[in-house]
1. Taking 8 Å as the Cα distance limit and 6 or more residues as the minimum spacing, I'd like the relative contact order of region 148-218 as a percentage.
2. For the residue pair Ser165 and Arg366, what label-to-label distance in nm results when each label sits 7 Å from Cα along the Cα-to-beta-carbon direction?
3. For a Förster distance of 25 Å, can you work out the FRET efficiency between the beta-carbons of Glu449 and Phe196, rounded to the nearest 0.05?
4. What ranking do 326-335, 162-171, 224-233 get when scored by the average of other Cβ atoms within 10 Å per residue, highest first?
5. For region 3-259, what is the charge dipole size about the Cα centre, in debye to the nearest 20, if Lys and Arg each add +1 at the Cβ and Asp and Glu each add -1 at the Cβ?
6. Can you work out ³J(HN,Hα) from phi for every residue in region 151-157, in order, using Karplus 6.51 cos²θ - 1.76 cosθ + 1.60 and θ = phi - 60°, giving whole Hz and x for Gly and Pro?
7. For a quick check: with amide H placed at 1.01 Å from N, whose amide H comes under 5 Å from Gln402's, ignoring anything fewer than 5 positions away on the same chain?
8. Work out, step by step, the length gained on full extension between Ala144 and Leu40: first 0.36 nm times the residue separation, then minus their alpha carbon distance; give nm to one decimal.
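What follows draws every value from the coordinates through simple rules; no lab data is involved. As the structure is a prediction and not an experimental result, all values here were calculated from the model. Please note: Cβ atoms are built from the backbone with ideal geometry, for glycine as well, and neighbour counts cover all protein chains shown.
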Amino acid sequence: MSSDTQSAASVAIRVNGLHKCFQIYATPGQRLRQFVLPRLRRWLGLNVVNYYREFWALRDVSFEIKKGQTVGVIGRNGSGKSTLLQMICGTLHPTQGSIEVQGRVAALLELGSGFNPEFTGRENVFFNAGVLGQSEERTLEKFADIEAFADIGDFMDQPVKTYSSGMLVRLAFAVIAHVDADILVIDEALAVGDAFFTQKCMRFLRAFMQHGTVLFVSHDTAAVKGLCNHAIWLDKGQVREQGDPKSVCEHYLQAYYEAQQADQAADDTLLPVTASQDETVDVPNSQGLKGAEVRFDQRLPYLNASNLRNDLRLFEFDPDAPSFGMGGSRVVRVDLRNDHGQALAWAVGGENVELTVEAVALQHLRSPIVGFVVKDRLGQTLFGDNTFVAYEHQPCECKAGQTLRARFQFQMPRMPVGDYSITIAIADGTQQEHVQHQWIFDAITFRSESTSTAAGLVGIPMAHISMDAR
């Protein structure tokens, strides 16, 4: 077998130069005119006039998905994600380009799609499984498992039109989980399920991923980073980026914040610093930290963008760390230390640590918020905190040129052995409405050398374990 043939055999889905155009009509009358008048004008030898406007949902989309891959598709609403999945499943036809799919596809797209609302759940199981290419005999063999997976009780014999959205998802997922598919395609449908059913679906997906191909749309970047080994970012109908899920999701998050705050351009005018005493505020943090401190230090001279860039080399923090934001502040130091003040490159869990974030305000910050999250190597958020609650009723105003210092003191959880990173963010405003001035991915890294045998991503520093038999 040639290398080209082997390569083709390893591909589950190949999309090449895909375009999809929809015809948008202003009124039903325009649709009727389009149906009749262009044919008539063409027959009369006149120039054809169209009564619609074109909307290109997808433009020149190309990618390959290997067999056994789990691929997440991310993007904002209207970026073409659902249209792409529907064309892969064959429910929509491309305007231009080609799609090749090898293997049986089971899809969970729009809520209730593939179901007849007048049929009972039992009847829809056989109907939907038949649409997915499974014989009635095979479905009958698996019906008990489908019924147990859906877990909707007596509603199995009630018309689907009486179902709640959660029950529809349960039944639909139960069917696609038992049709011997090679490829699963899921379009955000699990977002309406309850926590117990979602966990059941996750267990099934992780088992299916061992041998099958999964393609799903999600707005949950944590799920994409946790489940997928490849990600595709769609933006305005085009592939903006594809590759490693962690990198793609970070770039998507950056673009999202920039788009949200494009109309809140930062004021580039920097004011000179007036002389005054340092101000220190220490308020207990209600989110589980021992304490958080924000300190304003006005020892710095008048600052502007040019001399800041020249002087950053004097600070411990690397100014070239990947970041984004409106630029109203600039982080100049981040460090993690134990309770003896020693810098930590590794932790075992249970020790008292202090995370210090120091930044220079490049503009007036009326209510600054400093926060952090700790992530594993896949980019999954494990824990974090910020200063908002501690200073919600006592904002720590920071003038341009002042140094803003936040200190978080906490007990390090126990985590599996491996490398971890800390993402830092500085904003101005409230938890709900704020301007993101700087978001730094992987500001610092450390390693966990925990010897704990506890299960899970994060373990508690256990104070005491005892057991007796009587």
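1. Contact order relative to length: 35 percent.
2. Placing both labels 7 Å beyond Cα along the Cβ direction yields 3.6 nm.
3. Efficiency, rounded to the nearest 0.05: 0.10.
4. 224-233, 326-335, 162-171
5. Magnitude of the dipole: close to 1120 debye.
6. 6, 10, x, 5, 5, 4, 9
7. Residues meeting the amide H criterion: Ala361.
8. Length gained, Ala144 through Leu40: 31.7 nm.
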